[in-house]
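Input: one structure, supplied below.
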Amino acid sequence: MSKVILIVTDSMGVGAMPDAAAYGDAGADTFGHIRENKKDLHVPNLRKLGIGNIEGVSFSDLAVPSPAGAFGKMAEISKGKDTITGHWEIAGIYTDTPFRTYPDGFPESFIREFEKAIGREVIGNYPASGTEIIELLGPEHEATGKPIVYTSADSVFQIAANIEVIPLKELYRICEEARRLLVGDVACGRVIARPYVIENGKRVRTSDRKDYAVSPPEETVLDKVSGAGKTVYAIGKIRDIFNGQGVTEAVHTDNNMDGVDKTVEAIKKDFDGFVFTNLVDFDSQYGHRRDPEGYGRCIEEFDSRIPEIISALRHDDILMICADHGNDPVHSGFDHTREYVPLLVYGDSVTAGTDLGTRKTFADVGATVADILGAEPAAIGESFKEVILK
């Protein structure tokens, strides 16, 4: 039994792409700026795998003489810098037309239709930080029962509610109505349930977030691997991102460390296939909140778990670590940034020290997963299996 384990360190970019200025992201460098702000950043295991050896990164002082893994970085060819676009490209889909965004909020005609469908008025309907808007509009929501609607630079329709006011089941129903309506001229990439509670006088978002994404427009590597009779084990928000398409088993996670726990558990399970994990805290807890110190601690926490992940691998298993976009915590605004993402590969059968260079597309990861597992490739991507295997 062999597995490919892919861990997406959500938003951990490694430097602006050549077209970053077109996205308002010139100079973005998520990992590099975290390194600048947290000079004592302790990431011995990422260093061993070769993160500092990646060509052209600003943190080459982290390079080691003999990396234990293969290393490189990847460019995104799809238009956009959001979660769905990045993950879909990893899995072999090129997105030519970016998902529509709503910098001025959603059209009033849609909001009226949505309110009619859910039987409630809403408040908000503008781009905002999720943690800030629940503090600002929370009192009104809690007094009136009107859910809080907001968006961001991504194609998202987010609905926040205190679960003491709108129970979780009802919040999910409201989100399902939004997903049903957000098509055609008001198409939107994701509807996101954002439940929160009040703890010690502060509004705190819970781990019961749920994403309602559109389905991929064509088959991905998930479909190819599951179609070949192998397991596709989705951890964290992976199932939501692909709307369940191609997934054979899925587990929810509460946070990054729970995601690592469940990844280790999946590695130890007796199946042949693909373990696909998203660790979202980098992005949601620190990138969007523009907290470089916290982001740095989050990277360190993940780094400390890498030996445990590696020790769970069997002889034929291969571990890959990458990201889906950037979210530079010292960049302006509070949204994703258009960046290269790291690519680290490790396993007993991987030739240590292999420089994978700059891959033309995130889809090279998906192509390699399919190649290793003996599945048909998706529409785009070039496998690097023959480059890394001994």
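For Glu176, what accessible surface area do you get with a 1.4 Å probe? Give it in Å², rounded to 10.
Counting only protein heavy atoms, the figure is 90 Å².
For segment 34-113, with the dipole built from +1 on Lys and Arg beta-carbon atoms and -1 on Asp and Glu ones, taken about the Cα centre, which of Gly72, Ser58, Val43 lies farthest toward the positive end?
Looking along the dipole axis, the top candidate is Val43.
Moving on. Is there a quick way to get the dipole size of the chain? I mean about its Cα centre, with the Cβ of Lys and Arg at +1 and of Asp and Glu at -1; what is the value in debye to the nearest 20?
The dipole of the chain has a size of about 320 debye.
Please arrange His331, His141, His42 by accessible surface area, largest first, computed with a 1.4 Å probe and ligands excluded.
Ranking His331, His141, His42 by accessible area, largest first, yields His42, His331, His141.
Give a residue-ordered list of calculated ³J(HN,Hα) values for segment 265-276 (Karplus: 6.51 cos²θ - 1.76 cosθ + 1.60, θ = phi - 60°; whole Hz; x for Gly, Pro).
Working through the residues one at a time gives 4, 5, 4, 7, 6, 8, 8, 10, x, 10, 9, 10 Hz.
To the nearest 0.05, what FRET efficiency results for Lys268 and Arg297 with a Förster distance of 25 Å applied to their C-beta separation?
Here the calculated transfer efficiency is 0.35.
For the full complex of protein chains and a 1.4 angstrom probe, list Glu219, Glu76 by accessible area with the highest value first.
Glu219, Glu76
Let me ask something else. Under unit Cβ charges (Lys, Arg +1; Asp, Glu -1), what dipole magnitude, rounded to 20 debye, does segment 317-387 have relative to its Cα centre?
With Lys and Arg at +1 and Asp and Glu at -1, about 140 debye.
For Thr206 and Ile123 in one chain, what is 0.36 nm times their gap in residues minus the Cα-Cα distance, to one decimal in nm?
27.8 nm is the gain from fully extending Thr206 to Ile123.
I want to make sure I understand the PRE zone here: with the label point 7 angstrom from the Cα of Glu140 toward its beta carbon, which residues in segment 158-182 have backbone N atoms less than 16 Å away?
Counting only backbone N, you get 159-162.
With only Lys, Arg, Asp and Glu charged, each at its Cβ (+1 for the first two, -1 for the last two), find how big the charge dipole of segment 115-249 is about the Cα centre; round to the nearest 20 debye.
I would put it at about 220 debye.
If the chain between Ala26 and Asp40 were fully stretched, how many nm would it gain, using 0.36 nm times the residue separation less the Cα-Cα distance?
Full-extension gain reported as 2.5 nm.
Could you check what % of the DSSP bridge pairs in the chain are antiparallel, to the nearest 5?
Just about 40 percent of them are antiparallel.
Sticking with this structure for a sec: Starting from the 7 Å offset along Cα-to-Cβ, what nm value, one decimal, do you get for the label separation of Ser215 and Ser109?
Output for this residue pair reads 2.7 nm.
Taking 35 Å as R0, compute the FRET efficiency from the Cβ-Cβ separation of Lys390 and Arg100 and round it to 0.05.
Calculated transfer efficiency: 0.15.
Put Thr358, Thr337 in order of accessible area, largest first, 1.4 Å probe: what do you get?
Thr358, Thr337
Work from the charge dipole of the chain (Cβ charges, +1 for Lys and Arg, -1 for Asp and Glu, about the Cα centre) and give the residue of Gly294, Val183, Ser2 farthest towards its positive end.
Of the listed residues, the answer is Ser2.
Tally Lys/Arg at +1 and Asp/Glu at -1 over every other residue whose Cβ is under 14 Å from the Cβ of Leu343; what's the total?
-4
Can you give the net charge of the other residues whose Cβ lies under 12 Å from the Cβ of Thr220, counting K and R as +1 and D and E as -1?
The answer is -4.
Using amide H atoms built in the peptide plane, which far-off residues or other-chain residues are under 5 Å from Phe157 H to H?
HN-HN under 5 Å from Phe157: Arg190, Val191, Ile192.
Ok, one more. In the full protein assembly as shown, how much of His87 is accessible to a 1.4 Å probe, in Å² to the nearest 10?
About 0 Å², rounded to the nearest 10.
Label-point separation (nm) for Ser60 and Glu199, each offset 7 Å from Cα along Cα-to-Cβ?
4.4 nm
Next question. Counting each DSSP H run of 4 or more residues in the chain as -39500 (n - 2.57), what helix-only mean residue ellipticity at 222 nm follows after dividing by all residues, to the nearest 500 deg cm²/dmol?
Helix-only estimate at 222 nm: -9000 deg cm²/dmol.
What spacing in nm lies between the two simple spin-label points modelled at Ala228 and Ser332, each 7 Å away from Cα in the Cβ direction?
It works out to 4.6 nm between the two label points.
For Ala379 and Thr358, FRET efficiency with R0 = 22 Å and r from the beta-carbon atoms, rounded to 0.05?
For R0 = 22 Å, the calculated efficiency reads 0.55.
By the scheme Lys and Arg +1, Asp and Glu -1, what is the net charge of all other residues having a beta-carbon under 14 Å from that of Lys269?
-1
The values are calculated or read from the model by the stated rules, or taken from the named source; none is laboratory data. These numbers come from a predicted model, not from an experiment. Here Cβ is always computed from backbone atoms with ideal geometry, including for glycine, and neighbour counts include all displayed protein chains. SASA here: full protein model, heavy atoms, side chains in, ligands and nucleic acids out. Shrake-Rupley method; radii C 1.70, N 1.55, O 1.52, S 1.80 Å.
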